[in-house]
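Everything below concerns the one structure shown next.
Just so you know, all these numbers are worked out from the coordinates, no wet-lab data involved. In this text the structure is predicted, and so the values were computed from the model without any measurement. We place every Cβ from the backbone using ideal geometry, glycine too, and count neighbours over all the protein chains shown.
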Amino acid sequence: MMHQTEDSIDVKPLRIDPSFKREVMKEDGGETLKVCFQCGTCTSSCPTARFSDSYRPRTILRMAQLGIREKTLSSPTLWLCTACFTCTDRCPQGVEVANVLRVLRNLAVREGEVPRIYSELASNICGTGYAYRIPEQREKKRSELGLPPLPRTQLEKVGKLIDLVGGTRLIRSRRNP
Amino acid sequence: MMTNLRYLFFLGCTIPYRVSSYEISARKVLSKLDVELIEMSDFNCCGLPVDPADHEMMVALAARNLCLAEQQGLNIITLCTGCATTLRKVNRMLKENKEMKSRINEYLKEIDMEFKGTIETKHSIQAFKEDLGLDRIRQAIQRPLSGLKVAEHCGCHLLRPTKVAGYDDPEDPAVLKSLIELTGAECVDYPDEPECCGYTVIGIDEKVALQLSREKLRHVKMAGAEALITVCPSCHLMFDVQQSRIERMFKEKFELPVLHYPQLLGLALGFAPEELSFNDLRVDPSRILEIVKEI
């Protein structure tokens, strides 16, 4: 929107990629996308949907089925799933809703859409073994509190593992706020 | 005489980062109940925090932890519902899905490890129910907390997805309730009990997250509970640490103390509040402690 040209103002049909559903379904957890029959149990069970104007799991699943790839993957609302799994537990059709939504977020990451928080978490794990950078003071306080010292992760092993699965992609991409 | 229980203790990240009171009280209580915790010296984050962005990385991180436990031949116990569900889920996926197992083992081979599928992982609440047993805990109660009215918050990952957890009904959870009731405290029902605390989206949309916590605090308060009992460091952060912010944001007073379950159980086992790290709680628990003192 920042660099609008005359061309982009033209109304264009939504770009459709009919093979998108297959792309989702071949990922671990994405297999059940095709059996969603749009009853809306997921959205009506979703805690986020009650407080968000835009987050609707049913809509996202339909968009994915139809192949509205770009719009689905670039949507910021994709990241509002709390991973509470209520939708999955309640789906009468056996759709692994939360897993399908997670697959969509994973695919968004491969397109470079990474909310900053996830780059930070991944980089912390790589650098310390922990998801958060535990302040030195906290570590020192443990002995005062009678707690054993904080376990030390073999970082070269964890780093290698993350590298092997391609997780470094997450750490490198810190584009989005 | 039952044999003592031994577990490998998976501490996770959130507890040492911000919620030591949970660790302190849990260690006290477990030791009193003759549950032995073996320190896990080389664990890494369970993987859950990065799952939304990279599932394969989550699986690999969890698998490394499972391999460490297999090497020591011990089952894992956790205090965090997120760690619990993640390790349990990945353990199960790798045991059942041969293709995934061989793929993950290819990575693990590079760091001299192999997933075999020889151990189990449990949240402490599940271990209380299945391994320790309610009777054994009941026998250890020294100061029944009768007269105290509390509510429970299990947290999503203790119960869901049902396929992974499977030992309680997420629509009408009973396990934590029964564990609360054996302390002598009354556990009141309230609307939407299994609802999410909101923690997982606080880094994405703070308002949505805090609205979720606020709604729960309201429901708990309306039910007449004098405290909310949690079994997860993240849920605890939302209800205890964030409570004053929620109060300011929505101009609403709750002043609802939020205790870790081991703090409640610890009181009933005869520990003093200081031993259970009550002074670390943000919301002043003194009203509860007054009630307990009178017992």
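Structural remarks
- Solution diffusion estimate, µm²/s, Stokes-Einstein, the protein assembly as shown, Kirkwood Rh from C-alpha pairs, 37 °C, viscosity 0.692 mPa s: 142
- Computed about the Cα centre, the dipole magnitude for the protein assembly as shown is approximately 640 debye when only Lys and Arg (+1) and Asp and Glu (-1) carry charge, each at its Cβ.
- Chain B: most fluctuating residue of B:84, B:174, B:62 per GNM, C-alpha cutoff 10 Å: B:174
- Prolate/oblate/rounded label for the stretch B:5-124 (Cα gyration tensor, a/c 1.5): prolate
- The residue among B:173, A:148, A:88 whose Cα reaches farthest toward the positive pole of the charge dipole of the protein assembly as shown, with charges on the beta-carbon of Lys, Arg, Asp and Glu, is A:88.
- This model, with +1 at the C-beta of Lys and Arg and -1 at the C-beta of Asp and Glu, gives chain A a dipole about its Cα centre of some 340 debye.
- Tensor-based shape of the stretch B:117-180 (alpha-carbon gyration tensor, a/c under 1.5 rounded, otherwise prolate or oblate): oblate
- Any cysteine of chain A lacking a neighbouring Cys Cβ under 4.7 Å - listed by number: A:36, A:39, A:46, A:81, A:91, A:126
- Cα convex hull of the stretch A:116-172 - mean projected area over all directions, nm²: 4.3
- Taking every alpha-carbon pair within chain A, the share separated by more than 22 Å comes to 58 percent.
- Theoretical ellipticity at 222 nm over chain A - DSSP helices of four or more residues, -39500 (n - 2.57) apiece, nearest 500: -13500 deg cm²/dmol
- Mean separation of Cα pairs under 8 Å and 6 or more residues apart, divided by the residue count, gives the stretch A:116-172 a relative contact order of 44 percent.
- Within a Gaussian network of chain A (alpha carbon springs, distance under 10 Å), most fluctuating of A:60, A:134, A:16: A:134
- Gain in span if fully extended, residue B:169 to residue B:274, counting 0.36 nm per residue against the direct Cα distance: 34.4 nm
- Whole-number D in µm² s⁻¹ for the stretch A:13-110, Kirkwood Cα-pair radius fed into Stokes-Einstein, 25 °C, 0.890 mPa s: 187
- Label-to-label distance, residue B:36 versus residue B:116, with points set 7 angstrom from Cα along the beta-carbon direction: 2.1 nm.
- Label zone (residue A:19, point 7 Å along Cα-to-C-beta; backbone nitrogen cut-off 15 Å) within the stretch A:32-72: A:67-70.
- Working note: Debye formula, equal point scatterers on the alpha-carbon atoms of the stretch B:142-294, no solvent; log10 I(q)/I(0) at q = 0.10, 0.15, 0.17 Å⁻¹ is -0.33, -0.75, -0.97.
- Ranked B:238, B:113, criterion: other C-beta atoms within 10 Å, fewest first: B:113, B:238
- Per-pair calculated FRET efficiency, R0 = 56 Å: residue A:133 and residue B:146 via Cβ, rounded to 0.05: 0.80
- Rg to Rh quotient for chain B, alpha carbon positions, Kirkwood Rh: 0.97
- Placing +1 on each Lys and Arg Cβ and -1 on each Asp and Glu Cβ, with no other charges, gives the stretch B:62-117 a dipole about its Cα centre of roughly 240 debye.
- In this structure, the pairs whose alpha-carbon distance is over 30 Å, taken from B:177/B:253; B:32/B:216; A:157/B:95; A:140/B:149; B:98/B:122; A:157/B:122, are B:32/B:216; A:140/B:149.
- Unmatched cysteines, chain B - criterion: no other Cβ of a Cys under 4.7 angstrom: B:13, B:45, B:67, B:154, B:187
- With neighbour counts taken as other beta-carbon atoms within 10 Å, the residues B:259, B:269 rank, fewest first, as B:269, B:259.
- Each residue in B:286, A:45 was given a count of other beta-carbon atoms within 10 angstrom of its own, and listing them fewest first yields B:286, A:45.
- Projected area averaged over orientations for the stretch B:57-186, convex hull of C-alpha atoms, nm²: 8.9
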